[in-house]
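Here's the structure we're looking at; comments come further down.
The values are calculated or read from the model by the stated rules, or taken from the named source; none is laboratory data. What you see is a predicted model, and the numbers here were worked out from it, not measured in a lab. Counting neighbours? That spans all protein chains shown, and the Cβs are built from the backbone with ideal geometry, glycine included. Protein only, heavy atoms only, side chains kept; ligands, DNA and RNA dropped before computing areas. Shrake-Rupley method; radii C 1.70, N 1.55, O 1.52, S 1.80 Å.
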Amino acid sequence: MSELSFEQMLEESLKTIRTGEIVTGKVIDVKEDEIVLNIGYKSDGIIPRNEYTDDQNLDLTTAVQVGDEMEAKVVKVNDGEGQVALSYKRLAADKGNKRLEEAFENHEVLTAKVAQVLDGGLSVVVEGARVFIPASLVSDTYEKDLSKYADQDIEFVITEFNPRRRRIIGDRKQLMIAKRAELQKELFERIHPGDVVEGTIKNVTDFGAFIDLGGADGLLHISEMSWGRVENPKKVFKAGESIKVLIKEINGDKIALSLKFPETNPWKDAAVKYAAGNIVKGKVARMTDFGAFVELEPGVDALLHVSQISKEHVDKPADVLKIGQEIEAKVVDFNEEDKKISLSMKALQNQEEAAAEEEAVYSDSQE
């Protein structure tokens, strides 16, 4: 029986490796773009930069030091130059995939940083494994621009796990829906009609504004924005602003809001200010063929009938009045129950003329 050569004995003493195997080695050299490992095999193992990290600008000498012990995955037993091609990144991805599989099976909520904002969604990395969150599953509301999520830590669950097809799908939307449902329940248990609450303006439309109350949205209709008139809500309110509102009505999951606080109701002392016989000033707010509506103060309008505009005949209010014009008139009727006030410029003219005549008579009698 022939004796084995030194080379044969050395080769037999070294372990054998296979593609896909996990090996442990010691770093014996580090360059900017590759790491060299002694893996106890006849050839050293090489980890190029693109198999260590996705950051192709990373200087590997700043990440790894000679003497460090590392695990890596065998990509090729012979890379064509007699060395073993290794991957640290793929090993990390395998471990990450195992972690994701466990999370998928256990419906676990994961937290990870957004690595990339893509056209169709977000990419996050969990222990080296990538998860794609489609744009439709990022939020419970449509978001056109996802750039605000860059580098942000977000929570999600794995709803589809198929690493062979490189399809690992995350869902943040269902967590937000569940959280919102919880907050909604707490909110409805807490609020009642008549309460004053603080919210955030979420969206402004031509007919009103939607206010986020922290669990549910309430509608602040244009008719409830002021005791006076609001022509264009978008000129008064802006999305993102905080606002205190009155809970006017709760109907199922619908919340009607108002800014007409009882303590600011202009009709509270209107019976005194606008009693019949009082002389008042106001601005012409709008006109019809039968008369003009005069705003005495925000929330309090009075009717100046066409027949009460002047002692002279007036066909239409627009013939003698203009929108925004300030006028002075006499209150001839006050109906608090129906919130109706009638004015007369003609009565005031008559009163002024009568007063002038009295003054003239008095002056004549003194001569």
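On the chain, 47 percent of the accessible area sits on carbon and sulfur atoms, based on a 1.4 Å probe. Considering only the Cα atoms of the chain, their convex hull presents on average a projected area of 34.8 nm². Once the 1.4 Å probe is applied to the protein heavy atoms, region 196-288 comes out at 54 Å² accessible per residue. Largest to smallest in accessible area, the residues Lys144, Lys340 fall in the order Lys144, Lys340 (1.4 Å probe, all protein chains included). Partner lysines whose Cα lies under 23 Å from the Cα of Lys98, excluding those fewer than 8 positions away in the same chain, are identified as Lys73, Lys76, Lys89, Lys113.
Comparing Lys185, Lys346, Lys244 in a Gaussian network model of the chain (Cα springs below 10 Å), the most mobile by mean-square fluctuation is Lys346.
At the residue level, Lys26 shows approximately 110 square angstrom of accessible surface with a 1.4 angstrom probe and all protein chains present. Label separation (Thr16 vs Ser147): 5.7 nm, computed from points 7 Å beyond Cα along the C-beta direction. Taking θ as phi - 60° and the Karplus parameters 6.51, -1.76 and 1.60, the scalar couplings of region 77-86 work out to 5, 9, 7, x, 10, x, 10, 8, 7, 10 Hz in sequence order, x denoting glycine and proline. Label reach from Asn50 (point 7 Å along Cα→C-beta): in region 83-102, amide nitrogens under 16 Å belong to 85-90. Estimated at the nearest 10 Å², the accessible area of Lys148 is 130 Å² with a 1.4 Å probe.
I'd like the FRET efficiency for Arg164 and Val66, computed as 1/(1 + (r/R0)^6) with the beta carbon distance as r and R0 of 41 Å, rounded to 0.05.
0.65
Ordered from highest to lowest accessible area with the whole protein assembly present and a 1.4 Å probe, Asp59, Asp119 read as Asp119, Asp59.
Within a straight-line Cα-Cα reach of under 19 Å, Lys339 can be paired with the following lysines, leaving aside sequence neighbours fewer than 8 residues apart in one chain: Lys260, Lys268, Lys273, Lys281, Lys283, Lys330.
Protein-only accessible surface at a 1.4 angstrom probe places the residues His305, His313 in the order His313, His305, largest first. Counting only other residues whose beta carbon sits under 11 Å from that of Pro163, what net charge do I get with K and R as +1, D and E as -1? Result for the neighbourhood of Pro163: +3. Using C-alpha pairs below 8 Å separated by at least 6 residues, the relative contact order for region 305-356 is 37 percent. Only protein heavy atoms count here; on that basis, with a 1.4 Å probe, Glu198 has an accessible area of about 110 Å². Residues considered: Asp217, Asp54, Asp151. Largest GNM mean-square fluctuation over the chain, using C-alpha springs under 10 Å, is found at Asp54.
Taking region 166-246 as the region of interest, the number of lysine pairs whose Cα atoms are within less than 19 Å, with members eight or more places apart or on different chains, is 9. Per residue of the chain, the DSSP helices (runs of n ≥ 4 H) give a summed -39500 (n - 2.57) that works out to -6500 deg cm²/dmol at 222 nm. Annotation: per residue accessible area for region 93-191 equals 63 Å², rounded to a whole number [probe 1.4 Å, protein chains only].
With a Förster radius of 56 Å applied to the beta-carbon distance between Asp319 and Leu175, the computed FRET efficiency rounds to 0.30. In a DSSP loop and with at most 15 other Cβ atoms within 10 Å, the chymotrypsin sites (Phe, Trp or Tyr not before Pro) in region 263-352 are Trp267, Phe290. In this simple spin-label model, placing a label point 7 Å from the Cα along the Cα-to-Cβ direction at both Asp206 and Lys311 gives a separation of 4.7 nm.
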